[in-house]
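J.: The structure is given below, and queries will be raised subsequently.
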Amino acid sequence: MEQGITSELPMQPRLGDLAGWLAWAEQLNPQPIELGLDRVRTVYQALGLAPRVPVITVGGTNGKGSTCAMLSSILQSAGHRVGCYTSPHLLHPTERVRIDGIPVADERLAAACARVESARGSLPLTPFEFGTLAALCVFDEAALDVLVLEVGLGGRLDAVNIVDADVSVVTSIGIDHTDFLGDTRDSIGYEKAGIFRSGRPAVCGDPHPPLGLLKQAGVVGAPLWSQGAGYGWSAREDADGQPAWRFWRVDAQHAENCRVLEPLPMPGLEGEIQLDNAATALMALDRLRERLTVPLAAIQAGLRRVQLAGRFQRFGTVPEVILDVAHNPHAAQRLAATLARQPVAGRTLAVLAMLRDKDMVGVVQALAPQVQGWFIAGIPERRGASAEELALALTQGGAQGPVTACADIAAALASARAHAGSRDRVIVCGSFVTVGSALQMLSVEAAQGTVAAAANGCLAADKAIFV
């Protein structure tokens, strides 16, 4: 079908049929990812969308979702109504579009999709472009105080970048999505800095921002605060001797305008890296303090309450299961560091499934020192790596311990749990698809004996690989 011609599409879904609209959006563009703002901006303007409230846009290689979750939790604790757009989802598409932390109803998002379609004309939007516009339609029709928008890929050419942010955040810069963003931190930093706006504050959570990002901030004319230079955090104890921390922000020109917030509770999300994300969120809110009132008590409450599935998410089963969406070397290194700081008496077994276009060897290299056994599976979609491809990556990445190939992710998790002792732990990582499958299984834990039965989904013994 020629781009832009939709006459061969099936009949449009009914108004409230969200699944039908999502399937419809999948057929509009032959390319699932096609960066560029021309198509999406044209429809955005046709829809008459223009945020009437402050906007915080969050990009970065890792930490975007956690930072968005903290921003939303703190702002809600301060009494503000928050619209939050994130991606991808784990279990249901409406997770991407939340108002005050609650996913919108299927019917509401479906109606927004119909509104987008009415303005699209013949433009071949990608699924992400279509979904981003639908989310903005939902927010446009709600009485909100602030928007928190997560970039999908990169920044400069991502659909979210049609919205002019009042504060732009880049959480971290690692090597990922090299086919689209380049293969150096400079080139990736430049792409991510594409969300910066002239005269509007920009925040970088990476303590070593690449030159590409720094140059772009200068070219655009965005005042930049970087972690470790303009702001940061330090550990301390609270009045009861419990772990706590302080946030600080400096003003090189006006020393009297420096700021310290303390004591701050440890965030509800685990891992030391979450203090980096929390400080970055506070710096973004600091830049909006004249427009959004956020008392210290709200910051403290929001940090305690914040939750986000799939970020070192613990399940208190025996053995313990930990879900983490780490899917690139940068995130895997952070996951490995958290595991190292929290050793167990037994083994750490990993359930791993990944997409083929990710650096599978790099992820394995990062995790290998902390993992003593691997249970792998393929992901049955176009970008998914097979178990055989993943097994090769394990060999190349220096994985230690037995590697067992399983029929699917659920079987891999069941097998890992069946093989684990009470002192062991199981981590599930590699992609949002992997964690979503495991979360679905754990959320609907079946009757006694399911684990043993599902473990039979592992491939025959001659398919198990030992490295």
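J.: Any residue in region 59-77 that is within 19 Å of residue 142 (Cα to Cα), in contact with an Asp or Glu (Cβ under 8 Å, 6 or more places away or on another chain) and part of a strand (DSSP E or B)?
T.: No, region 59-77 has no match at all.
J.: For region 98-112, which residues satisfy the criterion of being open to solvent by less than 30 Å² (accessible area, probe 1.4 Å) and either over 16 Å from residue 307 (Cα atoms) or of a type in the set (D, E, K, R) (or both)?
T.: 104, 109, 110, 112
J.: Could I ask something else about it? In region 179-201, which residues are assigned to a loop (DSSP other than H, G, I, E, B), open to solvent by less than 30 Å² (accessible area, probe 1.4 Å) and either closer than 14 Å to residue 283 by Cβ or at pLDDT below 95 (or both)?
T.: 182, 201
J.: Just wondering, is there one or more residues in region 257-271 that are among the aliphatic types (A, V, I, L, M), touching a strand residue (DSSP E or B) at 6+ places or on another chain (Cβ under 6 Å), open to solvent by 20 Å² or more (accessible area, probe 1.4 Å) and part of a loop (DSSP other than H, G, I, E, B)?
T.: Yes: one or more hits.
J.: Continuing with the same structure: For region 202-244, please list each of the strands (runs of 3 or more DSSP E) lying entirely inside it that holds at least 3 residues being surrounded by 21 or more Cβ atoms within 10 Å (Cβ to Cβ), in contact with a helix residue (DSSP H, G or I) (Cβ under 8 Å, 6 or more places away or on another chain) and of a type in the set (Lys, Arg).
T.: Fully inside region 202-244 and qualifying: nothing.
J.: Could you list, in sequence order, the residues of region 26-39 that are at pLDDT 95 or above, over 22 Å from the mean Cα position of the chain (by Cα) and open to solvent by less than 70 Å² (accessible area, probe 1.4 Å)?
T.: Within region 26-39, just 39 meets the criteria.
J.: Pick out the one residue from 326, 309, 345 that is part of a loop (DSSP other than H, G, I, E, B) and surrounded by 23 or more Cβ atoms within 10 Å (Cβ to Cβ).
T.: None of the others qualify; the one that does is 326.
J.: Continuing with this model, one more query. Identify, by number, the condition in (1) surrounded by fewer than 21 Cβ atoms within 10 Å (Cβ to Cβ); (2) in contact with a Ser or Thr (Cβ under 7 Å, 6 or more places away or on another chain) that residue 173 doesn't meet.
T.: Condition (1) is where residue 173 drops out.
J.: Is it the case, given these coordinates, that residue 418 is modelled with pLDDT of 95 or more, open to solvent by less than 30 Å² (accessible area, probe 1.4 Å) and among the hydrophobic types (A, V, I, L, M, F, W, C)?
T.: Judged against the criteria, residue 418 is not a match.
J.: So, in region 138-162, exactly how many residues are closer than 28 Å to residue 61 by Cα, out of contact with any strand residue (DSSP E or B) (no Cβ under 6 Å at 6 or more places or on another chain) and part of a loop (DSSP other than H, G, I, E, B)?
T.: Going through region 138-162 one residue at a time, the tally reaches 7.
J.: Looking at region 108-137 only, could you name the residues that are in a helix (DSSP H, G or I), in contact (Cβ under 8 Å) with a residue 12 or more places away in the chain, small (Gly, Ala, Ser) and farther than 18 Å from residue 158 by Cα?
T.: 110, 111, 112, 114, 119
J.: Quick check on my filter: what residues within region 428-438 are open to solvent by less than 20 Å² (accessible area, probe 1.4 Å), in a helix (DSSP H, G or I) and among the hydrophobic types (A, V, I, L, M, F, W, C)?
T.: 435, 438
Table: residues versus (1) touching a residue at least 12 places away in the same chain (Cβ under 8 Å); (2) among the aromatic types (Phe, Trp, Tyr); (3) surrounded by fewer than 16 Cβ atoms within 10 Å (Cβ to Cβ).
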| position | (1), (2), (3) |
| --- | --- |
| 376 | yes, no, no |
| 394 | yes, no, no |
| 398 | yes, no, yes |
| 402 | yes, no, yes |
| 411 | yes, no, no |
| 422 | yes, no, yes |
| 426 | yes, no, no |
| 444 | no, no, yes |
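The values are calculated or read from the model by the stated rules, or taken from the named source; none is laboratory data. All figures in this text were calculated on a predicted structure; none of them were measured in a lab. Cβ coordinates were reconstructed from backbone atoms using ideal geometry, including for glycine residues, and neighbour counts include every protein chain displayed. These area figures cover heavy atoms from the full protein model, side chains too; ligands, DNA and RNA do not enter into them. Shrake-Rupley method; radii C 1.70, N 1.55, O 1.52, S 1.80 Å.
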